Structures are given as C-alpha cells and as structure tokens.
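One structure is given here, and the rest of the page talks about it.
The values are calculated or read from the model by the stated rules, or taken from the named source; none is laboratory data. Not measured: the values here are computed from a predicted model. Note that we place each Cβ from the backbone using ideal geometry, even for glycine, and neighbour counts take in every protein chain shown.
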Amino acid sequence: MLLQAENLRSGYGEMEILHGVSMTLDQGEMVVLIGPNGAGKSTLIKTIFGLLRPTEGRVRFRDTDITGYHPRDLVIMGLGYVPQTNNTFPTLSVLENLEMGAITRRISPLPLHWNRGSDQRRTQSRMMKDAEIRERAMETVEMFPNLQPKLREHAGSLSGGEQQMVALAKSMMLDPEVLLIDEPSAGLAPKLVDTVFSKIVEINESGTGIVMVEQNAKKALAIADRGYVLETGRNRFAGTGEWLLHNADVGRLYLGGQA
C-alpha cells in the first residue's frame with residue numbers, strides 16, 4: 001500500500017470536520033474524493049499533507065508513519081500537493097513557477113528527525129544545483145506543450161486552464177510518487193475541464209498515484225480506479241469508480257444534475 005489514512009479526526013481549531021475518515025491509495029492508482037460541500041474532502045488531503053494536524057488517527061506513506069510531518073518533509077519524501085486556489089505565483093514567469101516547485105531540494109536538507117541512515121544518503125543525492133533545477137523545468141514543461149511558448153510570461157496573465165496547468169507542472173518538478181489535487185476543475189469552462197482531466201490522467205499513467213478532490217463527480221469517477229464518498233466528515237460509500245458511477249444510491253444522492 002502506497003498511502004493510508006486511518007480513522008482521521010481533524011479540523012480547524014475547536015471545529016472538528018473529519019470524524020474518523022479512512023482511505024487508501026495503492027501504487028499507480030487514481031482515487032477520487034467526492035461528496036457535498038462541507039463533507040471534509042479538502043480537509044482530508046490537507047491533513048494528509050501536514051497542513052492540518054489530526055487529533056486522532058494515523059497517516060502512513062509506504063512504511064513510514066508521516067502523521068503530522070511538515071509539508072516540506074513530505075515533498076522531499078515524494079508527496080506533492082496542488083491546492084484549489086493560490087496554486088501559482090502570479091507575478092513570476094511560468095519558468096520561475098516551475099523552478100519554485102523544486103525549491104525544497106535546493107535550499108534545505110531534511111530535518112534531523114528524518115535525516116538519518118539510508119534516508120540521509122537519499123536526501124543528499126536529491127539536492128539540486130540551480131542549473132539542474134532549470135534543466136528539470138525544461139524537461140517537465142515537455143509534458144505541458146501548451147506552456148512551452150509562454151515560459152517567460154507571468155503566470156497571472158494566463159487563462160484559468162493554463163494556470164492550472166502551471167500548478168500541475170510545478171507539482172511534477174520533483175517527480176512525486178503521490179499527488180494530492182484539490183478541485184482542479186473549479187471555475188473552468190467545460191472544454192478546459194476536459195483538458196485538465198486529460199493531463200491528470202496522463203500524469204497518473206506515467207506512474208504517479210493521485211488522490212483528487214473533485215465536485216464534478218461524474219467526470220472524476222469516470223477516470224478513477226476507486227473513489228470515496230464523504231458526508232459530514234465520515235465515510236459514506238467506497239468502491240471502484242465504475243461501481244460508484246452506476247450505484248443508484250450514489251447517483252440519487254450525489255450525482256444528480258451534474259454534467
């Protein structure tokens with residue numbers, strides 16, 4: 001098992017949002033999280049990524065308990081995260097945005113609590129010089145050909161779909177084993193949604209496991225290996241993408257009226 005969240009309780013201050021949520025991700029899978037607004041989907045991936053600390057439960061990445069690890073540590077270990085908003089640096093160029101995606105390897109080794117033994121050797125081998133980061137950026141942008149002619153343009157001047165592509169490209173700079181993506185289609189026109197989803201499928205097919213929160217549940221389930229339906233901070237349904245897409249109860253409660 002690549003990633004596991006077990007019985008997570010988490011929230012904001014004294015407001016608990018997750019009431020014992022669990023999920024798993026196997027190697028190379030795409031798992032989607034769906035459910036109504038306020039169900040706890042974004043809270044779950046923020047907790048997995050260390051942006052929120054759970055009050056109960058554990059998160060494991062491969063054989064390591066990563067519960068409460070700092071996001072910087074998790075990025076270096078092989079997890080990536082694409083937030084729903086503020087996911088690019090608008091005043092920086094597209095190329096500079098990509099380079100920022102590798103900043104943890106350039107300026108900072110792992111903290112001492114994880115920097116030991118074979119992990120220390122792996123950390124040292126992963127540190128990158130500026131020239132190597134630039135080379136990696138040029139390699140990464142080959143996955144996003146629509147961005148290639150816009151490398152010198154400010155990210156904030158691009159369309160919503162293009163900015164989402166920049167965010168995805170930035171997250172791929174360190175070739176993560178797992179990518180957590182929050183609402184990638186939010187605010188996009190239907191044609192751009194198809195483009196973004198197609199790129200996410202391509203990233204997944206390259207070997208990156210994906211956990212994706214998405215309101216467009218029908219489209220998300222259509223490309224997912226498995227999915228979880230959350231409701232009021234609890235697991236409600238779980239199954240393959242196809243099973244959830246054609247389950248009468250899931251369709252009646254959560255898929256009605258969606259394109």
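Worth a mention:
- Tally, over segment 162-190, of residues that are farther than 24 Å from Leu2 by Cβ, part of a helix (DSSP H, G or I) and of a type in the set (A, V, I, L, M): 2
- Pairing residues of segment 1-15 that are closer than 10 Å to Ile48 by Cα with residues that are aromatic (Phe, Trp, Tyr), at Cβ distances under 8 Å and at least 6 apart in sequence or on separate chains, gives Leu3/Phe61.
- Residues in segment 150-165 that are in contact (Cβ under 8 Å) with a residue 40 or more places away in the chain and either surrounded by 22 or more Cβ atoms within 10 Å (Cβ to Cβ) or at positive phi (or both): Ala155, Gln164.
- Subset of segment 207-219 that is more than 20 Å from Gly38 (Cβ to Cβ) and part of a strand (DSSP E or B) - its residue that is farthest from the chain's Cα centre (by Cα): Gly209
- Take the conditions (1) under 18 Å from Val32 (Cβ atoms); (2) in contact with a Ser or Thr (Cβ under 9 Å, 6 or more places away or on another chain); Asn204 misses just one of them, which is (2).
- Single residue of Leu168, Leu179, Leu230 found to be in contact (Cβ under 8 Å) with a residue 12 or more places away in the chain, surrounded by 16 or more Cβ atoms within 10 Å (Cβ to Cβ) and more than 29 Å from Glu132 (Cα to Cα): Leu230
- Summed over segment 137-161, residues that are more than 14 Å from Phe89 (Cβ to Cβ) and either assigned to a helix (DSSP H, G or I) or acidic (Asp, Glu) (or both) total 13.
- All of (1) more than 20 Å from Thr232 (Cα to Cα); (2) surrounded by fewer than 22 Cβ atoms within 10 Å (Cβ to Cβ) hold for Ser22 with one exception: (1).
- Condition check for Ala186: in contact (Cβ under 8 Å) with a residue 12 or more places away in the chain, farther than 21 Å from Asn97 by Cβ and aliphatic (A, V, I, L, M): no
- Selection status of Leu112, aliphatic (A, V, I, L, M), surrounded by 22 or more Cβ atoms within 10 Å (Cβ to Cβ) and either modelled with pLDDT under 90 or over 14 Å from the mean Cα position of the chain (by Cα) (or both): no
- Selection within segment 220-243 - among the acidic types (Asp, Glu) and within 19 Å of the chain's Cα centre (by Cα): Asp225
- Within segment 12-67, the set of residues being among the small types (Gly, Ala, Ser) and in a strand (DSSP E or B) comprises Gly20, Ser22, Gly57.
- Verdict on Ala220 being buried (at least 24 other Cβ atoms within 10 Å of the Cβ), over 22 Å from Val141 (Cα atoms), of a type in the set (Gly, Ala, Ser) and in contact (Cβ under 8 Å) with a residue 40 or more places away in the chain: yes
Here is a yes/no grid of residues against (1) surrounded by fewer than 16 Cβ atoms within 10 Å (Cβ to Cβ); (2) not hydrophobic (A, V, I, L, M, F, W, C):
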site: Ser10; (1), (2): no, yes
site: Met15; (1), (2): yes, no
site: Val31; (1), (2): no, no
site: Gly40; (1), (2): no, yes
site: Leu44; (1), (2): no, no
